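**Q** Below is the structure I would like to discuss, written out as structure tokens.
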Amino acid sequence: MRIAVAEIAQETDSFSPMVTDLSDFETYGLFYGEAMLERMRRVGPIGGMLEVVAEQSETVELVPIVRGWASAGGTISAETIDRLTGRLVDGLRAALPLDAVYLSLHGAASSENDDDVEGCVLEAVRRVIGDNIPIACPLDHHANVTQRMMRHANVLVGHETQPHDPPATGRKAARIMFEMLRGEIRPTMRWCKIPMITPQDQFLTSHGPMKQWFDLARELERRDGVLDVSPYPMQPWLDVAEGGWSVIVHTNDDEALAQALANQMAEKAWELREQFWVSERVAPAEAVQQASEAGSGLIVLSDTGDSVYGGAPGDNTVVLRELLNQQPPDLALVPVIDPETLGIAMDAGVGSTIEIDLGGKVDNLFSQPIHMTARVAAISKGVTVNLADRGICDLRRTALLEVGSVRIVVLDHRSFAINHPILYTHLGLDVGEAKMVVVKTASNFQFFRPWCKGIIRVDSPGMTQSDLTAFDWKRLPRPIYPLDTVENWH
Ligand SMILES: [Zn+2]
């Protein structure tokens, strides 16, 4: 069996002013050819697929082409997506004949020339390989599934959990692909679009309505003839023509069953729609006060408006300003991405005092730079770490600034490490001694689990804010819940 392997993945925040270019893909990992297989071992969906390949009794010949992952950010530049798609298409043409294409995608990527990047990439792949070679895709479950994606892919499997387990999704998609190639099954996909968007507040699959919805998917998967049930609660900052939630069901050659279960899943989501809008967000001033007054242990302050993992710039200063104003009695840790200030701190050196305007430069719509005097407590000229199933992370230069009880780590770029304890420990801080830490994510709190005694969702305004009604939606199909009254959604 000869299988082409590729990944082109990014999650777009349509409301972010940033443009995602090739350097963003390079930052998070852009590899070509054989280097992919080496770098992706146990990492991401491709890492999961490689495990399944090792389990096969027949010989599997992999043709690795391109792997580009850029986490979340602004719209992808036309030049960047053309270049990546071009590499993929050229690689596939050279790789023919093939038995299958394993193509890892995010599902919520949008570019300057096409707001359905995955549909566009799949269409380009189909043009090269024809109609008879299957394409199996692991997707992020925050994908926006489109008609083109459904037309061109044979398998579209989403994550089962939030926080995600990308290797597990990769294994699941790969197992279906191999069973299909051996002729044991005939995957049949049916889907249902659900005209709704909801904020990130209820995105965790460990409790609440999202748990109910994903639990139902697992229950339906246990039925005879059902291969996969993938719910897709679209990430909420994607302003695109076919935007909205969806669900895909894969059965073994049973169209009617696949459609019936997709409809059942959609009904369930619609039934729960108001619960998906329940929020425990706390205003920034109140959040910092609550964290200061909490008992022993670390409080995670989730900066929901500036989620770097959701595509925000990571330089929003709303929560930082509150920390500086209140000066909590115990240590407070907070990250800010600001290459300009980082340069000043590096030049001044450890022990010096600098006067700066910190943050609020990219996100200057929802926040402003803070003028302050800070002491440079530590600097790092760069560290490269292996973050387990997330791969190798090059943290580059960083500086630790002290202002009273507040410890600010200044980064030069949007690194995966921004929500990881390594950000603090590599500069000599002990996370266990801190009272609170600001994380630039609304879901991925797991890295601070060893110390965490509580999570407060801060209602911070920003490019990933939870109040979706405040954005100026231009392309989203209407009517859609809850921006409009939807009389009959079917
Ligand atoms: Zn996701």
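We did not get these values from a lab; they are worked out from the coordinates using the rules stated. In this text the structure is predicted, and so the values were computed from the model without any measurement. Here the Cβ is made from the backbone with ideal geometry for all residues, glycine too, and neighbour counts use every protein chain on show.
**Q** Considering Cα pairs under 8 angstrom that are at least six residues apart, work out the relative contact order of the chain and quote it in whole percent. Display every interim value, and only then the final one.
**A** Values: 1173 pairs, mean separation 80.3, N = 490.
Relative CO of the chain lands at 16 percent.
**Q** From the phi angles alone, apply the Karplus equation (6.51, -1.76, 1.60; θ = phi - 60°) to region 13-20 and give each ³J(HN,Hα) in whole Hz, x where the residue is Gly or Pro.
**A** 9, 4, 9, 7, x, 6, 10, 8
**Q** Also: Using all Cα-Cα distances in region 1-48, what percent lands in each 10 angstrom bin from 0 up to the longest?
**A** Reading upward from the zero bin: 20, 48, 23, 8, 1.
**Q** Loop sites only, by DSSP: take the trypsin sites (Lys or Arg not before Pro) in the chain that have at most 10 other C-beta atoms within 10 Å and name the longest stretch containing none of them. Walk me through the intermediate numbers first.
**A** Numbers: sites that count: ARG222, LYS381, LYS474.
Segment 1-221 is the longest.
**Q** Using DSSP, restrict attention to beta bridges with both residues in region 284-467 and report what percent are antiparallel, rounded to the nearest 5. Spell out each step's value before the answer.
**A** Working: 20 of 38 bridges.
Taking every DSSP beta bridge within region 284-467, about 55 percent pair in antiparallel fashion.
**Q** Through the Karplus equation 6.51 cos²θ - 1.76 cosθ + 1.60, θ set to phi - 60°, convert the phi angles of region 306-319 into ³J(HN,Hα) values in whole Hz; use x for Gly and Pro.
**A** So the Karplus estimates, Gly and Pro as x, are 10, 6, 5, 5, x, x, 7, x, x, 10, 5, 10, 4, 6 Hz.
**Q** Oh, and also: Summing -39500 (n - 2.57) over the DSSP H runs of n ≥ 4 in the chain and dividing by its residue number, what mean residue ellipticity at 222 nm do you reach, to the nearest 500 deg cm²/dmol? Spell out each step's value before the answer.
**A** Details: 13 runs with 142 residues, N = 490.
Roughly -9000 deg cm²/dmol at 222 nm, from the helical runs in the chain.
**Q** At a Förster radius of 25 Å, what calculated FRET efficiency corresponds to the Cβ-Cβ distance of GLU293 and ASP430, to the nearest 0.05? Please report the intermediate quantities before stating the final value.
**A** Working: r = 22 Å, r/R0 = 0.88.
Rounded to the nearest 0.05, the efficiency is 0.70.
**Q** Full extension from ARG186 to ARG478: what is 0.36 nm times the residue separation minus their Cα-Cα distance, to one decimal in nm?
**A** Working: separation 292, 0.36 × 292 = 105.12 nm, distance 3.54 nm.
Result: 101.6 nm gained on full extension.
**Q** Another question, then. Take GLU179 and GLU61, extend 7 Å from each Cα along the Cα→Cβ direction, and tell me the distance between the two endpoints in nm.
**A** Going from the GLU179 label point to the GLU61 one covers 2.7 nm.
**Q** I'd like the FRET efficiency for ALA94 and ALA260, computed as 1/(1 + (r/R0)^6) with the beta carbon distance as r and R0 of 51 Å, rounded to 0.05.
**A** Numbers: r = 42 Å, r/R0 = 0.83.
According to the calculation, E is roughly 0.75.
**Q** Taking 0.36 nm per intervening residue step and subtracting the Cα-Cα distance, what contour gain separates ALA470 from ASN488 on full extension?
**A** Details: separation 18, 0.36 × 18 = 6.48 nm, distance 2.45 nm.
Once the chain is fully extended between ALA470 and ASN488, it gains 4.0 nm.
**Q** Does anyone have the angle between helix 284-293 and the longest principal axis of the chain? Alpha-carbon axes, 0 to 90°, nearest 10?
**A** The angle comes out near 70 degrees.
**Q** Pick out, in residue order, every one of the GluC sites (Glu not before Pro) in region 31-123 that is DSSP loop and has at most 10 other C-beta atoms within 10 Å; say none if there are none.
**A** Sites meeting the loop and neighbour criteria: GLU58.
**Q** Kindly provide the pair-distance distribution of region 33-116 built from C-alpha pairs, with 10 Å bins from 0 and whole-percent values in order of increasing distance.
**A** Percent of pairs per bin, in order: 14, 44, 33, 8, 1.
**Q** Run the simple label-point estimate for ASP253 and GLU355 please: 7 Å along Cα→C-beta, distance reported in nm.
**A** Placing both labels 7 Å along Cα→Cβ, they lie 7.8 nm apart.
**Q** With a ≥ b ≥ c the root eigenvalues of the C-alpha gyration tensor of region 233-345, is it rounded (a/c under 1.5), prolate (a/b larger than b/c) or oblate? Write out the running numbers ahead of the final one.
**A** Values: a/c = 3.42, a/b = 2.14, b/c = 1.60.
Taking the square roots of the gyration eigenvalues as a ≥ b ≥ c, region 233-345 is prolate.
**Q** Give me the net charge for the shell around HIS371: Cβ to Cβ below 9 angstrom, other residues only, Lys and Arg +1, Asp and Glu -1. Before the final figure, lay out each step's value.
**A** On the way: positive: none; negative: GLU355, ASP357.
Combined, the nearby Lys, Arg, Asp and Glu give -2.
**Q** Rounded to whole Hz and in sequence order, give me ³J(HN,Hα) for region 207-223 from the Karplus expression 6.51 cos²θ - 1.76 cosθ + 1.60, θ = phi - 60°, writing x for Gly and Pro.
**A** Residue by residue, region 207-223 yields 7, x, x, 5, 4, 4, 5, 6, 4, 4, 4, 5, 5, 5, 5, 6, 6 Hz.
**Q** What is the sum of charges, Lys and Arg at +1 and Asp and Glu at -1, for the other residues whose Cβ falls under 12 Å from the Cβ of ALA294?
**A** Details: positive: LYS435, LYS453; negative: GLU293, ASP330.
That sum, taken over residues with Cβ under 12 Å, equals 0.
**Q** At 0.36 nm per residue, and after removing the present C-alpha to C-alpha distance, how many nm does the segment from ALA285 to ARG222 gain when stretched out fully? Please report the intermediate quantities before stating the final value.
**A** On the way: separation 63, 0.36 × 63 = 22.68 nm, distance 4.71 nm.
Between ALA285 and ARG222, full extension yields an extra 18.0 nm.
**Q** Net charge within 14 Å of SER23 by Cβ-Cβ distance, Lys/Arg positive one each and Asp/Glu negative one each, not counting SER23 itself?
**A** Working: positive: ARG83, ARG396, ARG414; negative: ASP21, ASP24, GLU26, GLU79, ASP394, ASP412.
Surrounding charge for SER23 is -3.
**Q** How long are the three semi-axes of the equivalent ellipsoid of region 2-276, in whole Å, if each is the root of 5 times an eigenvalue of the C-alpha gyration tensor, listed from largest down?
**A** On the way: eigenvalues 141, 110, 52 Å².
Working through the eigenvalues yields semi-axes of 27, 23, 16 Å.
**Q** Describe numerically, in nm with one decimal, the distance between label points set 7 Å from Cα along Cα→Cβ at GLN147 and at GLU38.
**A** 4.5 nm
**Q** If you take every DSSP beta bridge fully contained in the chain, what fraction is antiparallel? Give it as a percent rounded to 5. List each step's numbers first, then the result.
**A** Values: 37 of 82 bridges.
The answer is about 45 percent antiparallel.
**Q** Enter the mean projected area of the convex hull around the alpha-carbon atoms of the chain, in nm², rounded to one decimal.
**A** Values: hull surface 87.0 nm².
The number I arrive at for the chain is 21.8 nm².
**Q** Follow-up. Scale the Cα Rg of region 284-467 by the rule-of-thumb value 2.2 N^0.38 Å and send over the ratio, two decimals. If you can, show how the numbers build up before the last one.
**A** On the way: Rg = 14.8 Å, N = 184, 2.2 N^0.38 = 16.0 Å.
The value comes to 0.92.
**Q** Moving on. Pull up all non-local amide H partners of CYS393: gap of 5 or more, or a different chain, and H-to-H distance under 5 Å with H placed in the peptide plane.
**A** Here the answer is VAL385, ASN386, LEU387, since their amide H atoms fall under 5 Å of that of CYS393.
**Q** Something else: GluC sites (Glu not before Pro), restricted to region 179-283: which are DSSP loop and have at most 13 other Cβ atoms within 10 Å?
**A** Working: sites: GLU179, GLU184, GLU219, GLU221, GLU242, GLU255, GLU267, GLU271, GLU274, GLU280; in loops: GLU184, GLU242, GLU274, GLU280.
In loop regions of region 179-283 (DSSP not H, G, I, E or B), the sparsely surrounded GluC sites (Glu not before Pro) are GLU184, GLU274, GLU280.
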